[in-house]
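Remarks on the structure that follows.
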Amino acid sequence: EALWRWRPLQAASSECRMATRCPQANVDTARTDQCPHGDGAQGRGDSPDEAAGCLHGGDEECQHGRARMQCPRGGAPQAAGDPGLRTSSKRPRRQRPFDFSQHGRRHVAVRLAYLGWGYQGFASQANTDNTVEAKLFQALLQTRLVESRQTANYHRSGRTDKGVSAFGQVVSLELRSRTRGPDGAMLPGDELPYTRLLNRSLPRDVRALAWAPAPPGFSARFSCQHRTYRYLFPVAGLQLGRMVEAGRRLCGTHDFRNLCRMDVANGVLRFVRTVLRVRVWRAGSGLGCLEVRARSFLYHQVRCMAAVLLLVGRGLEDVEVVDRLLDVESNPCKPQYSMAVDYPLVLHNCSYENLEWNFDPEVHAFTVGDLQTMWASYAIKTRILYSMLSGLGQAPNPQDPEDEEEEDDDD
């Protein structure tokens, strides 16, 4: 019934802190702590050497045959987070809160690119943190660029759905500045590297591409001249000429209630929108591209338009179906049809007047490198799938690059 006890180490050197590790208790204890199997701190040896061996290199097995004790100078370093480990008698220094009142603020626009395949959309949601906007504000708060969302005067250009990506998403907000004082006066020096700071805290598939000084009253949502979406699709079996003709009929100002998802819960009761351009062309590698440009869009409008045009391209609907869908007096109820899938859709560009974008060369180089790495990974996986289809005699025939239509993008 004798209790196993350790005797406090009595050595001349106070710098060496010895610890014991007992696997049976799965805890680390300081040399002066109790043994995990007993209570008390009395040693079983009559001298420090007998209890611990060499002070800077020796170790000794405990009476239970499981724990070994070693000086940090001669063995593994002590883990600061291990329970029971005495690291210092000093209390940890309490971090002072960041005082935003000592810093100026600047109204800016930030251009974002992200792959939305793994997110539940761009806008924040109450039931999940897996949105692009939630990741963005985590980075903003971590870098102390904003104090809170409520005080940031925040606006977004577009509210992309689950699975939708973006190359030209724009947000406007007020960020901490070192070129403006608390009173708003201009100060000498360079501005904070906003994109570099954000990208250090953002996930790899969300990147801040550039930032621009924004005038007072600027809003990423209400100051946008037009937004451009692109939708990719396989061209096999499609008649692109029919899709081009049907797309032309979508241009202009129409009531698009039959080509969107009703969003009455959010107060959307007016469904008239002006579509500035609809284009369809071959994008190469067996894919086609649908581009739609408008000042604003209804909920799921682009995916509904893509679904109807694909039905026309397959010959399942005639070109005049577009006219019937836009005639809401004759067809006041939306017909039943499936929306196009989400992942081929990209918010390609948001256009503004008088914004001078600042691109950081270092950020640009890192972003290009990350995209090249991801592209190589997906290209290899695509080739493996193509090889499997070839082995089954069903490989698609990619279009000859020489036959691709030229993409006249004027963004």
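Restricting region 284-308 to residues that are surrounded by fewer than 19 Cβ atoms within 10 Å (Cβ to Cβ) and among the aliphatic types (A, V, I, L, M), which is farthest from A340 (Cα to Cα)?
L287
I need the full set of residues from region 128-145 which are of a type in the set (D, E, K, R) and either on the phi > 0 side of the Ramachandran plot or surrounded by 19 or more Cβ atoms within 10 Å (Cβ to Cβ) (or both), in order please.
Of region 128-145, the ones of a type in the set (D, E, K, R) are 129, 133, 135, 144.
Result: E133, K135, R144.
Could you tell me whether region 252-261 includes any residue that is of a type in the set (A, V, I, L, M, F, W, C) and open to solvent by 30 Å² or more (accessible area, probe 1.4 Å)?
No, region 252-261 contains no residue that is of a type in the set (A, V, I, L, M, F, W, C) and open to solvent by 30 Å² or more (accessible area, probe 1.4 Å).
Here is a list: G189, G181. Which entry is surrounded by fewer than 16 Cβ atoms within 10 Å (Cβ to Cβ), out of contact with any helix residue (DSSP H, G or I) (no Cβ under 8 Å at 6 or more places or on another chain) and free of Cβ contacts under 8 Å to residues at least 60 places away in the same chain?
G189
When region 192-219 is examined, which residues are found to be in a loop (DSSP other than H, G, I, E, B) and either without any contact (Cβ under 8 Å) to a residue 40 or more places away in the chain or under 20 Å from L141 (Cα atoms) (or both)?
Selection gives L192, P193, L202, P203, R204, D205, G217.
Only one of V368, V346 is open to solvent by less than 60 Å² (accessible area, probe 1.4 Å), among the β-branched types (V, I, T) and either in contact with a Pro (Cβ under 8 Å, 6 or more places away or on another chain) or not in a helix (DSSP H, G or I) (or both). Can you tell me which?
Among V368, V346, only V346 is open to solvent by less than 60 Å² (accessible area, probe 1.4 Å), among the β-branched types (V, I, T) and either in contact with a Pro (Cβ under 8 Å, 6 or more places away or on another chain) or not in a helix (DSSP H, G or I) (or both).
Against the conditions (1) part of a loop (DSSP other than H, G, I, E, B); (2) in contact with a His (Cβ under 6 Å, 6 or more places away or on another chain), where does R230 fall short? Just the number, please.
With respect to (1) part of a loop (DSSP other than H, G, I, E, B); (2) in contact with a His (Cβ under 6 Å, 6 or more places away or on another chain), R230 is out only on (1).
Residue by residue, here is whether (1) among the basic types (K, R); (2) open to solvent by 60 Å² or more (accessible area, probe 1.4 Å) holds:
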site	(1), (2)
G313	no, no
R324	yes, yes
Y352	no, no
F359	no, yes
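Being in contact (Cβ under 8 Å) with a residue 24 or more places away in the chain, over 16 Å from H348 (Cα atoms) and part of a strand (DSSP E or B) is the filter here, so list the residues in region 258-314 that pass it.
Across region 258-314, the qualifying residues are R273, R282, G284, L287.
Name every residue in region 69-113 that is at pLDDT 95 or above and in contact with a Ser or Thr (Cβ under 6 Å, 6 or more places away or on another chain), in order of residue number.
A109
Which residues, taken from region 108-127, are open to solvent by 10 Å² or more (accessible area, probe 1.4 Å) and closer than 24 Å to W375 by Cβ?
Passing the criteria: R111, A113, L115, W117, G118, Y119.
The values are calculated or read from the model by the stated rules, or taken from the named source; none is laboratory data. No experiment lies behind these values; they were computed from the predicted model shown. With ideal geometry, Cβ positions are generated from the backbone for all residues, glycine too; neighbour counts draw on all protein chains shown. These area figures cover heavy atoms from the full protein model, side chains too; ligands, DNA and RNA do not enter into them. Shrake-Rupley method; radii C 1.70, N 1.55, O 1.52, S 1.80 Å.
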